[in-house]
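In what follows, a single structure is set out as structure tokens and then discussed.
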Amino acid sequence: MHENKWIPTVCYQCKAECAILARVEDGVVREVKGNPRARGKMCVKGMAGITTLYSQERLKKPLLRVGERGEGKFKEIGWDEAMGIMEKKLRELMKRGEGHKFTYSMFPHSTTDPKWRFVNAVGGFISTGLPHCDSAKIMAHLHTFGCFPNHHIAPMYYTVPRGGIMILSGRHPFGCLDDACVPKHILDAKERGAKLIVIDPIFRTEASKADWWIPIKPGGDAALFLGMASHMLKKGIHNKAFCDKWVREGDMEGLAAFLKDKTPEAMSTICEVPAKDIIKLAEMCAKAPSVSIDAFKSIMYGNAMDWGHAWSIFLVITGNLDNPGGQPLPEIAPMAPVKPAPPAPNLKELGYHRTGPNRDKFNHYNFILEPTWYAAQAVKEGNLKVFFASECNPALSEMGSGEWRKAMTMKDKKGDYLLELFVVTEILPSETMKWADLVLPDQTNFERWELLYMPWWYNFGHTAAVCQPVVKPIGESRHANRVMIELGKRMFPEFFAFKDDVEYYDIELSGVGMSMQKMLDGGALWSPGTVGFRKYEDAGKFNTGSGKIELEWRMYADIGQQWPSPELPLEFRRDADTYPFILVNFRTIFLNNTGAWSQNNAQLRDSVSGLDANPLLLNPIDAARLGIANGDTVTVESSTGKVRIPVLFTEKIKPGCAGLIHGFGQTMGKVASRGKWISDNELIADAGSHLDEQDLRGGEAHVSTRVRIVK
Amino acid sequence: MKQLSIMVDLDRCIGCKTCIVACRNHYGLVDHEKSMPGTMSHYLRVESQCTGSYPNLKEDYWVVMCQHCKKPPCIKACEAGAIHKDVQTGIVLIDKNTCVGAKKCIEKCPYEVIQFDAARTYAHKCSLCYDRVIHGQEPVCVEVCLADALSFGEREILLMHADAAGKKVVKKMSTQSILYVKSPG
Ligand code: SF4
Ligand code: SF4
Ligand code: SF4
């Protein structure tokens, strides 16, 4: 059907969902590239997606576990049997009144992802890695200025004016993940005279293109921005007109009192950025026509809510909300609801994720999804009985992966697993699969239908794109959405009365006067083309309780968190003598985090076209102190884990830090298991049993640790 | 002089390797089913250089493909006469059918860019996308470059563009037909 032409569709080699074109010849995808009608770029992971599609390791049939969990032994079964196993167990769970003990770990592709609908129908919850990636950013923005909580909300770099400032604080946007066009947009902005400031303990490509690289102590971002805010208020160089008009009465006075002792000098001792540099950057920002800030890794530490709060305050006092070059406040496309829709269960009452030692205190902080890394604790406590996972790899992405593995294999007195059923959908062999009872062969973006309309990442205007199958599916693979729709039809026909996924998307599209056919006729894309600026002026208010910007978080007054603390996260403050190094674990463009489909992609693990090594990065100054030679294999030990890996010296890392790429360590699949590289999460403490202060300050994040290094 | 060229802007290349994979896909250099890392041909590679010491560092990234040399050593090395420099475009081309698989060109190429197809015993490399450019298309790497770091055209014109943008030619890298440029400082 699609011979010898470029077909518009969507990439899903990572969660950015870039609009692309695929060239199909003789029923085979030969080439892919960015769709020029939608910013026109596709990154290396996307380009290598063809290798994922055709890899001989593709899972082609449903697999049923035959050995013990963790052994990775399976036999092939038919889809009917697989569907029957899931249906039987879920019906049993619901009959026991324990539908809420079902969790589906996934990254919803839209707010109405059909998988999410199924989970709601059962009465369970979805869990994602999203809470650690940016729940703190989302919650901070929501609390302060009522911004719609889409993912990441990266600045729109194509709107940055000449002289505007782009700050990347622990953020690596050249690794894509927002949209493949972002590197180009940042470089274009620079060429028109914007300034790029990179605040980072590690010098990466972004820093190499920056006008100014500011090395910082990991976790020091809140202190740095509070120091700048303090200086601005003291000098009166903040945006007074904006604050007078939009900030809730009394909050500016409260802020000034709070910031009084957060001087650049005081904050410098925490973040290790010289006070003169804090002042210089504050004054640059005060003068610039716009300032954008983006953070990612830095907002995954145990002080994430404080950093998110300080960041929000800084945006407000510089007036950088919903202006060209500032922080966008995006909207979502008004899709039509597919009725009747199952109601979502009460997460606060029935959810399992407040399992840390400070459970009661932590109740203050609420996110809309369960974080994946409380799963281990929930299994141990009997709050999680049936677990499905799609497009995630908890065996590697779970902090404290050892605890996760333990939980998966824990049994009751009768010898039955505490977690009664674990189902994984996968394209290529994954680490997580080893513990699954049922492995369902999933489809790549080249084989499936999907409607993508979140203002995810970088798709700011109301925007929708259709992912369409461009070739026949490999083996008996089925897209997870279709599997859940079919299971939904069996179990909840009232909520799944539509014909199939395509009809489901059709109904949704009617909300914007579109249909799947019209979309395809129009190049598989739809967007009215405007994002609009300063929408709060038209509305006369922000989406907060008071309609004004709320700098003080009064709802946290009883836990003393109404203003952001500048302190480093607890995991970096304690045990500094025993564990002198801070682990800086970062991501690269060549890996979709722990995603099995990039780990097992030959082009992405090739040293010419990808990345095939993950040694521990150390500054030579530190290495000399430790008496280590370049290439030596060392023991890296945290309070909860220990690994052995080779060392690579580099001037590109702040002394006192040890660098490691996030996402390695898989043992499943011929490509992924090459080399003795390890997963950073082996070193990081399990959330359920180790979070304490982080529960209050970090939202739900804590993806790093201190380590010691011995020869 | 008639010479087509690619200009690599060191201010913009981020070493993302998108061009490498796109080129491989286009020319079918990868057996997607069976290839393992370390075994795949490639017409480009990324190089980088970091200078200075913490915290005063500078780093550049760039790509190296066939430099379509002015006096190509590969042509001289090939006794079978399988390589020639096209008069109209200045592109250096290997004729697969004439190539006897002697690998002499590979030994002599100073840029180490010639690949060898062991199964079909011929040498192959970047052709500056000859079959595309003669029909008015850009080379694949130029079209897909993630950072718009590459531009294509007649060498003299690219030099004029670099000059107009205030970029300087990195002389020691641009001794053949491919141009490497960056802003001063
Ligand atoms: S950023 Fe992600 S979605 Fe976009 S092209 Fe790259 S892998 Fe594909
Ligand atoms: S770079 Fe190598 S292959 Fe290309 S023309 Fe020069 S010698 Fe020949
Ligand atoms: S795609 Fe462009 S930016 Fe990326 S490595 Fe190639 S030339 Fe450099």
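The values are calculated or read from the model by the stated rules, or taken from the named source; none is laboratory data. Source: prediction; values computed, not measured. FYI the Cβ positions are ideal-geometry reconstructions off the backbone, even for glycines, and counts take in every protein chain you see. When the accessible area is computed, the model is the full protein with side chains, heavy atoms only, and any ligands, DNA or RNA have been set aside. Shrake-Rupley method; radii C 1.70, N 1.55, O 1.52, S 1.80 Å.
Things worth noting here:
- The distance linking region B:116-174 with region B:83-105 is 17 Å (Cα centroid to Cα centroid, whole angstrom).
- Legend: mean number of C-beta atoms from other chains within 10 angstrom of residue C-beta atoms, peptide A:25-34, equals 3.
- Only protein atoms count toward the accessible area here, which uses a 1.4 Å probe; on region A:510-582, the carbon and sulfur part of that area reaches 46 percent.
- FRET E, pair B:Asp131, A:Ala266, Förster distance 56 Å, beta-carbon r, rounded to 0.05: 0.30
- Computed E for B:Glu47/A:Lys276 - FRET, C-beta separation, R0 35 angstrom, nearest 0.05: 0.45
- Listed values for region A:466-471 are Karplus-derived 3J(HN,Hα) couplings in whole Hz (6.51 cos²θ - 1.76 cosθ + 1.60, θ = phi - 60°), namely 9, 9, 10, x, 10, 9, and x replaces Gly and Pro.
- Accessible surface computed residue by residue for the protein assembly as shown, with neighbouring protein chains in place and a 1.4 Å probe, gives 35 Å² per residue.
- When A and B come together, around 3700 square angstrom of accessible surface is lost from both chains combined, probe 1.4 Å.
- Across chain B, Cα-Cα distances exceeding 20 Å account for 56% of all pairs.
- In terms of the mean number of neighbouring beta-carbon atoms within 10 Å, the peptides B:126-132, A:218-224 order highest first as A:218-224, B:126-132.
- Cross-link pairs beyond the 28 Å C-alpha cut-off, checked among B:Lys34/B:Lys103; B:Lys70/B:Lys168; A:Lys89/A:Lys472; A:Lys262/A:Lys297; B:Lys103/B:Lys182; A:Lys195/A:Lys235: A:Lys89/A:Lys472; B:Lys103/B:Lys182
- Diffusion constant of region A:570-710 at 25 °C, which comes from Stokes-Einstein with the Kirkwood Cα-pair radius and 0.890 mPa s, µm²/s: 155
- Annotation for A:Lys5 and B:Ala119: the two label points, set 7 Å from Cα along the Cα-Cβ direction, are 3.1 nm apart.
- Residue mean of other protein chain beta carbons inside 10 Å, A:46-52: 6
- Restriction of the trypsin sites (Lys or Arg not before Pro) in region A:466-518 to DSSP coil positions whose beta-carbon has at most 13 other beta-carbons within 10 angstrom yields A:Lys499.
- Separation of alpha-carbon centers, region A:651-711 and region A:171-240, rounded to whole Å: 24
- Per-peptide average of other Cβ atoms within 10 Å, ordering A:335-346, A:667-678, A:463-474 highest first: A:463-474, A:667-678, A:335-346
- Translational diffusion coefficient (Stokes-Einstein; Kirkwood radius from C-alpha pairs) of region B:108-147 at 10 °C, 1.306 mPa s, in µm²/s: 131
- Segment A:Lys245-A:Glu494, length gained on full extension (0.36 nm per residue, minus Cα span): 84.7 nm
- Accessible area of B:Thr121 (1.4 Å probe, protein heavy atoms only, ligands and nucleic acids ignored): about 70 Å².
- Distance in nm between pseudo-label sites at A:Ser689 and A:Ile77 (7 Å out along the Cβ direction from Cα): 3.1
- Just the protein heavy atoms count here, and of the accessible area of region B:109-185 at 1.4 Å, carbon and sulfur take up 53 percent.
- Radius 14 Å from Cβ of B:Lys172, net charge of other residues (Lys, Arg +1; Asp, Glu -1): +1
- Whole-percent pair-distance distribution, where bins are 20 Å wide, for the alpha carbons of the protein assembly as shown: 14, 47, 33, 5, 0
- Here A:Lys95 is the anchor, and the lysines within straight C-alpha reach of less than 16 Å, apart from those fewer than 8 places off in the same chain, are A:Lys385.
- C-alpha center-to-center spacing [region B:21-55, region A:561-591] in angstrom: 34
- Antiparallel bridge percentage (DSSP; both residues within region A:570-710; nearest 5): 60
- Short-range pairs are left out: with C-alpha atoms under 8 Å and at least six residues apart, the relative contact order of region B:4-182 is 32 percent.
- For region A:43-152, the square roots a ≥ b ≥ c of the C-alpha gyration tensor eigenvalues yield an a/c of 1.5 or more together with a/b not exceeding b/c, which makes the shape oblate.
- Modelled FRET efficiency - R0 56 Å, A:Arg37 with A:Ala613, Cβ distances, 0.05 increments: 0.90
- The mean number of partner chain beta-carbon atoms within 10 angstrom of a residue's beta-carbon across peptide A:595-604 is 3.
- Using a cutoff of 8 angstrom between alpha carbon atoms and counting only pairs six or more residues apart, the relative contact order for chain A works out to 20 percent.
- Of all DSSP beta bridges confined to the protein assembly as shown, the antiparallel ones make up roughly 55%.
- Most mobile listed residue (B:Glu107, B:Glu33, B:Glu79) in chain B, GNM with C-alpha springs under 10 Å: B:Glu33
- With the simple model of a label 7 Å out from the Cα in the direction of the Cβ, A:Val28 to A:Arg91 spans 4.5 nm.
- Panel note: the C-alpha atoms of region A:480-588, placed on their principal axes, show extents of 61, 44, 34 Å (largest first).
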